[in-house]
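Structure first, commentary second.
The values are calculated or read from the model by the stated rules, or taken from the named source; none is laboratory data. For clarity, every value in this text was computed on a predicted model and none was experimentally measured. Here the Cβ is made from the backbone with ideal geometry for all residues, glycine too, and neighbour counts use every protein chain on show. For the accessible areas, the whole protein counts, side chains as well, though only heavy atoms, and no ligand, DNA or RNA atoms are used. Shrake-Rupley method; radii C 1.70, N 1.55, O 1.52, S 1.80 Å.
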Amino acid sequence: MGVRRLGLAALCSAALLAALPAWAQTAAPQPMVRNGMLTMQGGEAVYNNLCAACHMRDAKGAAGAGVYPALAGDRRLAAAAYPIRLVIHGQKGMPAFGSLLANDQIAAVVTYVRTHFANAYAAPVTAAEVQAMR
Amino acid sequence: MTGDAGAPSRRDLLSMIGVVAGSTAMYMAMYELGYAQATSFKGPAKLSTPPTGTSVLILGAGVAGMVAALEMRDAGYKVQVLEYQDRPGGRNWSLYGGDTFTELGGATQHVGFDPGLYLNPGPWRIPYHHQGILHYAQRTGVEMEPFVQTNFNAYVHSMTGYGGKPRRYREVQADYQGHVAELLGKCAQQGALDQKVSKEEREILLESLREWGALDKNYDYVKGMTSSNRRGFDLDPGGGLTGAPRPSEPDALGDVLSARLWTAMSQMSDHMHQSSIFQPKGGMGMIGKAMGRELGPLIRYNSKIIDIHQDDRGVTVTYVDTKTGGPPRTATAQWCVCTIPLPVLGQIPMTVGAPLKAAIDHMAYTPSLKVGLQFKRRFWEQDEQIYGGITYTDMPNVSIGYPNHGYFSKGKGVVLGAYVGTPECYTWAAKPPEERIKDALYWGSKIHPQYMSEYDCGVAVAWHRVPWVLGCKSQWTEASRAEHYDNLAAIDGRIVLAGEHVSYMAGWQEGSVTSATDAIKRLHQRVMSA
Ligand SMILES: Cc1cc2nc3c(=O)[nH]c(=O)nc-3n(C[C@H](O)[C@H](O)[C@H](O)COP(=O)(O)OP(=O)(O)OC[C@H]3O[C@@H](n4cnc5c(N)ncnc54)[C@H](O)[C@@H]3O)c2cc1C
């Protein structure tokens, strides 16, 4: 039980606490923005908390009247410059995330999508490569 | 126009027009003479009769598409509207008990709200000066009631300020204003403002600061009847032997400043949020429904547009019937008004010139999320005397909106448990709906501990997951306006774009109305001169 759960407990009476639904026993959510920047660290965390909003957890994308393309098995990820540019500057319906993510976060998430979801472009992307495209 | 003996004064003129032509003419004349300003809506587009049989296809049955359809039909155009969804309104939309909503990715939510209760996932308020959308609401018989923008008894809350405890808006507002008035008064008294104000002005300024800041006779902001009349009492005045009031203790200036709650306190001062503000009775979606009813069979629902083609004879739109399937069908007309949101439109093949295509393609929409929570009882009213309005917090749920209707009801109530437009919104959208609801409950319970025992059911709409718009609203910068805006609005051959995105009021229905009005006027001119 982390600090945040204790904070919640302090607000609830003992009786209310006893009546907490089961979901309230799971890990407490954390704010993920500080000073206007997203705080998740590591490729997987950035993917699951940002990219998955549109490309979905399984990176298979989705379609209604509009479409989010799949990043799974995506041959256009072969050249790292393409996803780096999109994440920094956006493209059409995809917003620019250059001002929300630091270079190392972008490097990590691009490396992550290029090495997961049936993509196998092993060479890791570096923060310097990202900086060069800003 | 003043003091010109012999010539009628402006008021004389107006009353003459009123007598002769009735009040509508007077109202229109007031626009011309500059009295009744404040909106760019100068009344509905009054189109003359087009050549018999002139046809127009309208793409999208949101507010913009339906304004265009109503006015062009009334003028005598042959109108057909194609709409992807099975309902009219577009982003003008309310969710009621019994509704289902399937988002991109496939998660389906079944709304379990009680009768009469709803969530407005999109628009929820209409300021008094948005005369365009108010006109169409009146025209279609939609009743309005007040929207409570500012409730002095709702909370402002910071995770770090005031030890993380919520404060009533009235307390923070009074303390902030009181301390600032006291500081400024001290400066004035010590002569620090003598460069800026004369001696007489200084006295007037001091007098006004005492009034504005609820200061005592020495220009101090202190505990007492004067300050408590603003910030509220520890024990409110009452009757009889127990009626003596107990004033409250203002918080120190340092506490007020370090809580950094002024953003929450300034929204009411924005032109878009100044009272009076309205909401349609029964949910914002009432407007879309009423306009859709008015258009009846002119709207073809479940029609997903997949191609837009034009040549010098007309426009051909290809669409798929999402209910019955089958091969793509086509609809043709001489002219076309397209209101499809840009992130979707950019993915549809379309014969238009490069400048319009570039304008369509440059735009991604902003993030936004709303979570509606139904509670078993209206504890915010019963326990905390909060009747409508909004609580602001710097937690990730950003705000809590209380229902502005059904006050004092003994039944359930639906609260807007999160309204997030910050970058944090992506992290909410990335979670399944039930986790968004859990998070809204978690954060909200820090302000209302009753959440835990009173929660009943909920629904969460993240706008980047909404299949027919891919985001909340357009976003323009000075640079993008300069580069693309005029191209986006210009008629391209036989096609003109309209919608929230073709306006200077991004994210307001008034932008859709004024954009559609402007677009069909220009298109009509083109038709009449063709
Ligand atoms: C969270 C949020 C809060 C808001 N708050 C307010 C507020 O308080 N007050 C206010 O006035 N405004 C508010 N707005 C803005 C308001 O909702 C919009 O400005 C307005 O409703 C947009 O109308 P529109 O006709 O321009 O577009 P839409 O309503 O988006 O209409 C476009 C239509 O096109 C259809 N369509 C899309 N793709 C296709 C296709 N391929 N084929 C066929 N049809 C298609 C869609 O289904 C939709 O019906 C808010 C919006 C959001 C999202």
Given (1) within 13 Å of the ligand (Cβ to nearest atom); (2) away from every other protein chain (no Cβ under 14 Å); (3) touching a Lys or Arg at 6+ places or on another chain (Cβ under 7 Å); (4) not small (Gly, Ala, Ser), index of the condition B:Leu82 fails: (2)
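Results for (1) out of contact with any Ser or Thr (no Cβ under 8 Å at 6 or more places or on another chain); (2) under 30 Å from B:Met395 (Cα atoms), shown as yes or no for each residue.
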site	(1), (2)
A:Gly36	no, yes
A:Glu44	yes, yes
A:Asn49	no, yes
A:Tyr68	yes, yes
A:Leu71	yes, no
A:Ala79	yes, no
A:His89	yes, yes
Meets criteria (surrounded by fewer than 20 Cβ atoms within 10 Å (Cβ to Cβ), closer than 22 Å to A:Leu38 by Cα and in the same structural domain as B:Gly389 (by TED's automatic domain parsing)) for B:Gly444: no
Identity of the residue in the stretch A:52-70, open to solvent by less than 30 Å² (accessible area, probe 1.4 Å) and more than 8 Å from every other protein chain (Cβ to nearest Cβ), that ends up nearest to B:Gln85 (Cα to Cα): A:Gly61
Failed item in (1) free of Cβ contacts under 8 Å to residues at least 24 places away in the same chain; (2) aliphatic (A, V, I, L, M); (3) farther than 30 Å from A:Val46 by Cα, with B:Ala498 passing the rest: (1)
Unique residue being modelled with pLDDT of 95 or more, closer than 30 Å to B:Met66 by Cα, touching a helix residue (DSSP H, G or I) at 6+ places or on another chain (Cβ under 9 Å) and of a type in the set (Lys, Arg) when the list is B:Lys438, B:Lys473: B:Lys473
Residue count for the stretch B:211-244, restricted to those that are closer than 19 Å to B:Arg170 by Cβ and either open to solvent by less than 80 Å² (accessible area, probe 1.4 Å) or not acidic (Asp, Glu) (or both): 21
Unmet criterion (only one of (1) touching a Phe, Trp or Tyr at 6+ places or on another chain (Cβ under 9 Å); (2) within 16 Å of the ligand (Cβ to nearest atom); (3) open to solvent by 10 Å² or more (accessible area, probe 1.4 Å); (4) closer than 24 Å to A:Met32 by Cβ) for B:Trp476: (4)
Restricting the stretch B:128-173 to residues that are surrounded by fewer than 17 Cβ atoms within 10 Å (Cβ to Cβ) and among the acidic types (Asp, Glu), the residue that is nearest to the chain's Cα centre (by Cα): B:Glu145
Condition broken by B:Leu104, with the remaining ones in (1) aliphatic (A, V, I, L, M); (2) more than 20 Å from the chain's Cα centre (by Cα); (3) more than 16 Å from the ligand (Cβ to nearest atom) satisfied: (3)
Filter pass, B:Ile386 being away from chain A (no Cβ under 14 Å), modelled with pLDDT of 95 or more and part of a loop (DSSP other than H, G, I, E, B): yes
Residue within the stretch B:364-374 that is away from the ligand (no atom under 13 Å from the Cβ), touching a Cys at 6+ places or on another chain (Cβ under 7 Å) and either at pLDDT 95 or above or assigned to a loop (DSSP other than H, G, I, E, B) (or both) present: yes
In the stretch B:341-354, the residues that are touching a strand residue (DSSP E or B) at 6+ places or on another chain (Cβ under 8 Å) and more than 8 Å from chain A (Cβ to nearest Cβ): B:Leu345, B:Ile348, B:Pro349, B:Met350, B:Thr351, B:Val352, B:Gly353
Qualifying residue in the stretch B:441-460 (condition: within 10 Å of the ligand (Cβ to nearest atom), in contact with a strand residue (DSSP E or B) (Cβ under 9 Å, 6 or more places away or on another chain), within 26 Å of B:Gly285 (Cβ to Cβ) and not in a helix (DSSP H, G or I)): no
Test: residue in the stretch B:285-295 that is within 13 Å of the ligand (Cβ to nearest atom) and either of a type in the set (Phe, Trp, Tyr) or more than 31 Å from the chain's Cα centre (by Cα) (or both): no
Residue match in the stretch B:462-470 (condition: within 16 Å of the ligand (Cβ to nearest atom), away from every other protein chain (no Cβ under 14 Å) and touching a residue at least 24 places away in the same chain (Cβ under 8 Å)): no
Where B:Glu500 falls short, out of the listed (1) among the acidic types (Asp, Glu); (2) within 10 Å of the ligand (Cβ to nearest atom); (3) within 30 Å of A:Ala59 (Cβ to Cβ): (3)
Yes/no for B:Gln109 being at pLDDT 95 or above and open to solvent by less than 20 Å² (accessible area, probe 1.4 Å): yes
Index of the failed condition, A:Val110 passing every other in (1) more than 14 Å from every other protein chain (Cβ to nearest Cβ); (2) buried (at least 21 other Cβ atoms within 10 Å of the Cβ); (3) farther than 30 Å from B:Ile348 by Cβ: (3)
Matching residues, the stretch B:351-379, being over 25 Å from the mean Cα position of the chain (by Cα) and closer than 26 Å to B:Glu103 by Cβ: B:Asp361
Residue count, the stretch B:447-473 (criterion: small (Gly, Ala, Ser) and open to solvent by less than 10 Å² (accessible area, probe 1.4 Å)): 3
Failed item, numbered, when B:Gly346 is tested on (1) open to solvent by 10 Å² or more (accessible area, probe 1.4 Å); (2) free of Cβ contacts under 8 Å to residues at least 60 places away in the same chain: (1)
Pair list, Cβ < 6 Å and 6+ apart or interchain, from the stretch B:503-518 residues that are in a helix (DSSP H, G or I) to residues that are of a type in the set (Val, Ile, Thr): B:Gln509/B:Val63; B:Gln509/B:Ile133; B:Glu510/B:Ile133; B:Ser512/B:Val63; B:Val513/B:Val67; B:Val513/B:Ile133; B:Ser515/B:Val502; B:Ala516/B:Val67
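Of the residues B:Asp486, B:Asp518, only one is within 16 Å of the ligand (Cβ to nearest atom), open to solvent by 20 Å² or more (accessible area, probe 1.4 Å) and either modelled with pLDDT of 95 or more or not charged (D, E, K, R) (or both); which?
Selected residue: B:Asp518, the only one of B:Asp486, B:Asp518 that is within 16 Å of the ligand (Cβ to nearest atom), open to solvent by 20 Å² or more (accessible area, probe 1.4 Å) and either modelled with pLDDT of 95 or more or not charged (D, E, K, R) (or both).
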Residue in the stretch B:306-324 that is within 10 Å of the ligand (Cβ to nearest atom), of a type in the set (A, V, I, L, M), exposed (fewer than 15 other Cβ atoms within 10 Å of the Cβ) and not in a helix (DSSP H, G or I) present: yes
Any hit, the stretch B:26-49, residues being surrounded by 23 or more Cβ atoms within 10 Å (Cβ to Cβ) and modelled with pLDDT of 95 or more: no
Residue that is away from the ligand (no atom under 16 Å from the Cβ), assigned by TED's automatic domain parsing to the domain that holds B:Ile495 and of a type in the set (A, V, I, L, M), where the choices are B:Ala430, B:Ala358: B:Ala358
